[in-house]
Amino acid sequence: VQLQASGGGLVHPGGSLRLSCAASGNIRSISGTYWYRQAPGKQRELIAGITDGGSTSYSPSVRGRFTISRGDAKNVVYLQMNSLKSEDTAVYYCKGVGPRLTIWGQGTQVTVSS
């Protein structure tokens, strides 16, 4: 199984971005997909998750602004980020977790700046 994260970029405060995490290989081995972020000098932070049953969870820092969802093809998980703030600037990573695996995608940079 491999995960490919994409969709990062430069956006103004208040703007939006949608990140994608595409899984390839035996995607049925993944039971939950999570988004993390790591800002310079800070620890990696769990911000959102979705289970294969569709249950979602969010950190307080992003709840109400970010939405995690699964695409129709089921192998893609999205993170819709609205009302972005400068403190959302970080490298964003997705992680897939299953009974027998934990796998990380590569990071995608999100920069919120005027």
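The table for this structure:
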read-out: Rounded accessible area of K85 (nearest 10 Å², 1.4 Å probe); value: 90 Å²
read-out: Local net charge near I103, Cβ-Cβ under 14 Å (Lys/Arg +1, Asp/Glu -1); value: +3
read-out: With every protein chain in place, the chain: carbon and sulfur % of accessible area (1.4 Å); value: 48 percent
read-out: Solvent exposure of the chain as accessible area per residue, Å², 1.4 Å probe; value: 54 Å²
read-out: Cα principal axis extents for region 2-64, largest first, Å; value: 37, 24, 23
read-out: Point-to-point label distance, T111-Q80, nm (Cα→Cβ direction, 7 Å offset); value: 2.7 nm
read-out: Counted charge near G25, where neighbours are those whose Cβ lies closer than 14 Å (Asp, Glu -1; Lys, Arg +1); value: +3
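The values are calculated or read from the model by the stated rules, or taken from the named source; none is laboratory data. Fair warning: this is a prediction, and the values are worked out from it, not measured in the lab. All Cβ positions, even for glycine, are placed from backbone atoms using ideal geometry, and neighbour counts span all protein chains on display. Remember, those area values only see protein heavy atoms, side chains included, never the ligands or the DNA or RNA. Shrake-Rupley method; radii C 1.70, N 1.55, O 1.52, S 1.80 Å.
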